[in-house]
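Undergrad: Mind looking over this structure? Questions follow.
The values are calculated or read from the model by the stated rules, or taken from the named source; none is laboratory data. In this text the structure is predicted, and so the values were computed from the model without any measurement. Virtual Cβ from ideal backbone geometry, glycine too; neighbours counted across all protein chains shown. When the accessible area is computed, the model is the full protein with side chains, heavy atoms only, and any ligands, DNA or RNA have been set aside. Shrake-Rupley method; radii C 1.70, N 1.55, O 1.52, S 1.80 Å.
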Amino acid sequence: MCLSLDFSATNQYLISGGADTLILRFDISRPAVGSGLGTHPARDVYRCHNDSVRSVSAHPHQDEVFLSAGEDGKIILHDARVDRRLSSAQGTVQHAAEFTGVQTHPNMEHIFATSDTHGQVCLRDTRMAFGPLSSRSNEGIVQNYNTKLSKRSLSYLSNPESSSIAFDRDGSKLAVTMLHWFPTIYAVSDPHPVAVLTGKNNPDGSPVNLGERTYSNSCTMKSGAFGGPGMNEDILYGAGSDDFRGYVWRIPELSTLLGLRQEINADEWMSHEWTGACAYSESQWATRYIPLQIDTPLCRLNGHRSIVNAVAMHPSLLHVVTSGIERHVFLHSPTPVSPVAPQLSKTPLETRRLGDHDPRDSARFRRALILGPHPTLHEEIDEAGSDEETISLFDHILREEGGGDVFTLRHWEATRTLILKMITSWST
């Protein structure tokens, strides 16, 4: 299963990383090799990770250079030029936690961001992260972002897993997708968040009905993306959700977000109730930061029958693409006709409801935990049947989790990680 794709600086190479631990770099400027279904562009294969490659990110200016992040706790700097000067060890950062994301800065060639399963999100400098030990410093970290969550009613801080990260096009904003929490926006130069994106309201501003499912991220590996089709800046952010929809929010200017952020010192935080407030804090006795909460999405993207994992926006056309656990990718447009599709069908107004308990779902779940890969998932059924099996399995997981947040669902994490790793292995 491919987990990450990126084009090189001039689009000559397509780089992929996947659950099979391999990185493939395709040269799409050269004639394809192979025949029939095996035809593919000329490619290089990199075997330097010992676990799933969660993310690859190309250098903003140099075609031959890219970064990869793996669940083996490694960030690796790859340089395909013959005269590269770094050894394998000098081009690797080894971390104690599994990395979940890496992104090169779109303008500053030495700067990149990383995220990991312990919730740490960092801005790093390649000049400090790689090379001989004598030139390294603090694993290249130049800034840590504040991702710990605090509620006045609780005596502990929660640190959700950071599932993925994304820069906007000019590198002024960084978005973090958090497990069991909401997408969070940072100004790259500021360690504290400036906005949190939720689905508490419908796009028309009315509150979501009590009991109705809305944005959540508790089940799969999700990634989001900034966009601003046909504009000079990215004013939109999109993300997938467990409620079978994609979401797109409009992001105000950074100056506005910084002006609306609340800063509360520790004494004031401890002396008041702050009912319902959730703040970000670096420690129990540090200042609390409450970013602007954007509860009303610009739009919701229906059409999927199960979880939506990824959202991507076209750079110039008013198109948004979504993908999830199903085998299909959906193209969304505000008009029925576009330059790339002569006729688009109307998007359903409603989403599929999470089904009632089916005894077969429990059996599939237990089989996945105990037996791992099973032939009925890919050998004995057709494509439509395979989707039904997968949808049914994830329905069971969603019902078990019950839609809680990071403060209430910590006990489910080990089981969730195990089942998702097994499902990933079925697709490789």
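Undergrad: I'm trying to understand the selection: among the residues of segment 86-110, which are open to solvent by less than 10 Å² (accessible area, probe 1.4 Å), small (G, A, S) and part of a loop (DSSP other than H, G, I, E, B)? Reasoning before the result, please.
TA: As a first pass, look at segment 86-110 and keep what is open to solvent by less than 10 Å² (accessible area, probe 1.4 Å): 91, 93, 97, 99-102, 105.
Those left that are additionally small (G, A, S): 91, 97, 101.
Listed by number, the residues that qualify are G91, A97.
Undergrad: Here is a follow-up. For V142, all conditions in the list (1) over 29 Å from Y247 (Cα atoms); (2) of a type outside the set (S, T, N, Q); (3) part of a strand (DSSP E or B); (4) open to solvent by less than 60 Å² (accessible area, probe 1.4 Å) hold save one; what is the number of the exception?
TA: V142 satisfies all of (1) over 29 Å from Y247 (Cα atoms); (2) of a type outside the set (S, T, N, Q); (3) part of a strand (DSSP E or B); (4) open to solvent by less than 60 Å² (accessible area, probe 1.4 Å) except (4).
Undergrad: Checking the condition within 13 Å of the chain's Cα centre (by Cα), touching a residue at least 40 places away in the same chain (Cβ under 8 Å) and farther than 26 Å from H61 by Cβ, which residue from P252, P203, P183 passes? Let's see the steps before the verdict.
TA: Details: P252 fails: within 13 Å of the chain's Cα centre (by Cα); P203 fails: within 13 Å of the chain's Cα centre (by Cα).
Testing whether each residue is within 13 Å of the chain's Cα centre (by Cα), touching a residue at least 40 places away in the same chain (Cβ under 8 Å) and farther than 26 Å from H61 by Cβ leaves just P183.
Undergrad: For segment 124-172, give me each residue that is in contact with a helix residue (DSSP H, G or I) (Cβ under 7 Å, 6 or more places away or on another chain), more than 23 Å from H78 (Cα to Cα) and modelled with pLDDT of 95 or more.
TA: Hit for segment 124-172 is S172, nothing else.
Undergrad: Something else now. Please go through segment 299-351 and pick out each residue that is in contact (Cβ under 8 Å) with a residue 12 or more places away in the chain and either among the hydroxyl-bearing types (S, T, Y) or at positive phi (or both).
TA: Selection gives G303, S306, S316, T322, S323, S333, T335, S338, T347, T351.
Undergrad: Restricting the search to segment 283-309, which residues are hydrophobic (A, V, I, L, M, F, W, C) and either assigned to a loop (DSSP other than H, G, I, E, B) or under 22 Å from the mean Cα position of the chain (by Cα) (or both)?
TA: Taking segment 283-309 as the starting set, the residues that turn out to be hydrophobic (A, V, I, L, M, F, W, C) are 285-286, 290, 292, 294, 298-299, 301, 307-308.
Those that are hydrophobic (A, V, I, L, M, F, W, C) and either assigned to a loop (DSSP other than H, G, I, E, B) or under 22 Å from the mean Cα position of the chain (by Cα) (or both): W285, A286, L292, I294, L298, C299, L301, I307, V308.
Undergrad: While we're looking at this one, here's another question. What number of residues within segment 249-282 are open to solvent by 80 Å² or more (accessible area, probe 1.4 Å), in a helix (DSSP H, G or I) and under 14 Å from Q293 (Cα atoms)?
TA: 1
Undergrad: Quick one: what pairs do we get from segment 62-75, first residue surrounded by fewer than 20 Cβ atoms within 10 Å (Cβ to Cβ), second part of a loop (DSSP other than H, G, I, E, B) and of a type in the set (D, E, K, R), C-beta under 8 Å, 6+ apart or different chains?
TA: Listed pairs, sorted by first residue: Q62/E109; E64/R81; D72/D51; D72/E98; G73/E98.
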